[in-house]
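Asks: Right, I'll just put the structure down here and ask away after.
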Amino acid sequence: MTGTTPLPGGEPRGASQKRTRRAGPPATRMMPQWRLGDRVRWQGDKTDHFHRNLGDGSAEVTIANRVYRVRIGDLRLA
């Protein structure tokens, strides 16, 4: 078969391996741009206020006058 990667040792491919398709490109996930004071949900049940983006994939969130450092990927719109 041309255009396929050979198996180690040169063994022929089995019948179920001949007609495989490559996976499509992964879905692009858009992350919202958070602003100071935005209401966000964190860990499913905590509603808080966005404080600032730390630039390393984490953010500061204010809960009851306390500031917590959380991953931006864990935040959702409230």
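The values are calculated or read from the model by the stated rules, or taken from the named source; none is laboratory data. Predicted model only: the values in this text are computed from it and were never measured. Using ideal geometry, Cβ is built from the backbone for each residue, glycine included, and neighbour counts are taken over all protein chains shown. Protein only, heavy atoms only, side chains kept; ligands, DNA and RNA dropped before computing areas. Shrake-Rupley method; radii C 1.70, N 1.55, O 1.52, S 1.80 Å.
Asks: Just to check your reading of the model, which residue among Lys18, Lys46 is out of contact with any helix residue (DSSP H, G or I) (no Cβ under 9 Å at 6 or more places or on another chain), at pLDDT below 85 and farther than 30 Å from Pro6 by Cα?
Replies: Unique residue meeting the criteria: Lys46.
Asks: Step by step: first the residues of the range 65-78, then only those that are open to solvent by 90 Å² or more (accessible area, probe 1.4 Å) and without any contact (Cβ under 8 Å) to a residue 40 or more places away in the chain, then the one that is nearest to the chain's Cα centre (by Cα). Which residue is that?
Replies: Arg71
Asks: Next question. Considering every residue within the range 25-38, establish whether at least one is at pLDDT below 85, exposed (fewer than 12 other Cβ atoms within 10 Å of the Cβ) and either charged (D, E, K, R) or at positive phi (or both).
Replies: Scanning the range 25-38 turns up at least one residue that is at pLDDT below 85, exposed (fewer than 12 other Cβ atoms within 10 Å of the Cβ) and either charged (D, E, K, R) or at positive phi (or both).
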